[in-house]
Amino acid sequence: MEKNEMLEGLVTRRPITDEAETSIIDGDSVISYNNHASTSVTITVIFSTIVAISGSYAFGNAVGYSSPAKSGIMKDLGLSLSEYAVFGSILTVGGMLGAACSGKIADLVGRRGAMGISEIFCITGWFAIVFSKDALWLDLGRLLVGCGSGVLCYVIPLYLAEIAAKNVRGAFSSLTILMLCCGKAVMFIMGSLINWRTSALIGVIPCVLQLIGLFFIPESPRWLAKTNETKEFEAALRRLRGEHADISQEATDIRLYTEYIEQIPDEGLLNLFQKRYAYPLIVGAGLMMFQQFGGLNGFSYYASFIFESAGFPSTVGSIGVAVLQIFMAIIGVLFIDKSGRRPLLLMSAGGSCLGCVITGLSFFLQDFHARKDLTATLVIIGVLVFLLSFELGMGGIPWIIVSEIFPLNIRGSGGSMVNLINWTSSWVVSYTFTFLFEWNSAGTFFILAFMGAVGTVFIGKLVPETKGRTLEELQTY
């Protein structure tokens with residue numbers, strides 16, 4: 001079928017208005033999408049979202065596990081500080097491995113299948129930690145949890161973006177970062193109170209719950225359309241939108257776009273580097289790099305160390321930060337589909353930059369032996385400003401935008417690439433932060449502030465607003 005024949009009946013040259021169909025120029029044709037597509041939120045969508053974000057909670061457990069478990073593991077297994085450092089950082093190595101194949105897995109076995117495979121890795125990893133007798137099994141378990149987490153980071157926001165209606169897509173997708181914050185906070189607090197093996201066993205629970213829940217939720221209709229499973233596609237879409245909802249227009253739009261994408265020659269990974277895909281690739285890669293190089297892991301993984309260096313009680317500071325991060329993530333969920341992605345990203349990046357400046361200033365004053373109470377106050381303000389600003393937008397919105405902007409034919413390879421960039425950047429920051437901090441504590445945070453400022457400009461100049469558009473509209477645009 002020729003492209004123009006496919007578009008026949010859906011081609012319009014009317015101006016774009018709220019009441020008209022949205023028309024997006026593609027070469028010599030105009031692909032049209034009806035703005036009155038279903039915007040309902042059904043029990044199925046809510047339940048599917050709960051099952052999916054339980055994977056984000058599981059990832060949060062993995063991130064929050066190593067800090068409170070440190071003393072117990074080192075004592076019971078006789079680990080040196082360097083051996084425990086390997087255990088703490090190998091999660092990121094596993095994440096890089098999982099990220100490298102996350103898109104391919106999601107394309108081959110579907111979004112549900114990818115989440116299921118990820119959780120099998122995580123469950124195996126947690127049990128390896130629970131029953132470990134030496135550093136080898138401990139590290140292997142942490143590596144497996146990282147591999148599963150690397151896939152989950154990409155596939156959960158992707159699945160939510162593909163099942164949710166356009167008017168709530170941002171809020172539902174941003175629940176991933178909220179659950180990640182909850183997972184980190186709960187594991188940190190519980191890990192401070194109970195044995196490290198018991199904490200690892202608790203980490204299995206959300207993984208098992210998601211694995212069971214996956215049997216009761218529909219597959220992504222867009223993935224089913226891509227694999228030409230027509231009956232299953234319509235059944236999944238109707239199940240998500242409701243038995244009595246009119247899905248004809250949405251189903252037609254998805255089919256039309258999928259058929260159009262199939263006309264484009266598949267050149268594998270080389271597809272990514274065509275000129276037509278340069279914009280989404282630059283936006284996706286840039287957001288992932290600035291999310292990490294803005295200082296996320298420096299603040300998250302070393303918050304206790306930063307507090308102690310400034311003379312502030314580390315446990316009190318870490319618990320307080322964890323609770324406040326959850327609060328800011330909730331605000332982000334409530335406003336993302338009202339204010340849009342770009343305003344939240346700009347406020348978040350700007351606030352994170354300010355937090356780095358304040359923290360850097362506190363250590364600068366400390367180097368000159370200024371008032372100790374002042375430097376302690378400044379460091380807590382700086383860390384709070386950074387982490388609270390970060391959770392408002394930069395924590396989760398980059399993942400949402402990445403799940404929205406890549407066309408269907410490069411969604412797997414593009415998603416894998418930006419996911420790998422994110423995990424690699426995370427490893428670089430985690431690995432270098434301690435060395436930089438020892439070199440010049442104030443200078444470290446001023447470098448992070450500079451990266452945050454550059455990231456703010458990048459968002460203002462290049463990142464598109466994706467609020468209120470269907471995925472087909474965005475990807476054709």
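The values are calculated or read from the model by the stated rules, or taken from the named source; none is laboratory data. Every value quoted in this text rests on a predicted model; they were computed, and no experiment measured them. Here the Cβ positions follow ideal geometry from the backbone for every residue, glycine too, while neighbour counts run over all protein chains shown. Areas reflect the complete protein model, heavy atoms only, side chains present, ligands, DNA and RNA absent. Shrake-Rupley method; radii C 1.70, N 1.55, O 1.52, S 1.80 Å.
General observations
- Trypsin sites (Lys or Arg not before Pro) lying in DSSP loop within the stretch 127-236, provided at most 12 other Cβ fall within 10 Å: Lys133
- Peptides 443-451, 408-416, ordered by how many other C-beta atoms sit within 10 Å of their residues on average, highest first, read 408-416, 443-451.
- Difference of contour (0.36 nm per residue) and Cα-Cα distance, Leu108 to Leu324: 73.9 nm
- Subtracting the Cα-Cα distance of Gln274 and Thr252 from their residue separation scaled by 0.36 nm leaves 5.2 nm.
- Karplus (6.51, -1.76, 1.60) ³J(HN,Hα), θ = phi - 60°, over the stretch 90-95, in Hz, Gly and Pro reported as x: 5, 4, 5, 4, x, x
- Rolling a 1.4 Å probe across all protein chains gives Ile177 an accessible area of roughly 20 Å².
- The chain: Rg to Rh, with Rh as the Kirkwood radius over Cα pairs: 0.99
- Taking 0.36 nm per residue of sequence separation and removing the Cα-Cα distance, the Phe435/Phe216 pair yields an extension gain of 74.1 nm.
- Think of the chain as having a plus end and a minus end, set by charges on the Cβ of Lys, Arg, Asp and Glu; of Leu420, Tyr65, Gly98, Tyr65 sits farthest toward the positive end of this dipole.
- Site pair Ser80 and Phe47 shows an inter-label distance of 5.4 nm when each label is modelled 7 Å from Cα along Cα→Cβ.
- Counting only Cβ charges, +1 for Lys and Arg and -1 for Asp and Glu, the dipole size of the chain around its Cα centre is about 980 debye.
- Rounded percent of accessible protein surface that carbon and sulfur make up, the chain, 1.4 Å probe: 68 percent
- Measuring between alpha carbons in the structure, the pairs from Lys104/Lys184; Lys166/Lys226; Lys166/Lys338; Lys275/Lys461; Lys70/Lys184 lying more than 24 angstrom apart are Lys104/Lys184.
- Accessible surface for the chain, divided over its residues, is 41 Å² per residue with a 1.4 Å probe.
- C-alpha long axis of helix 372-392 to longest principal axis of the chain, angle in °: 20 degrees
- Distance between the stretch 399-437 and the stretch 221-290 - C-alpha centres, whole angstrom: 21 Å
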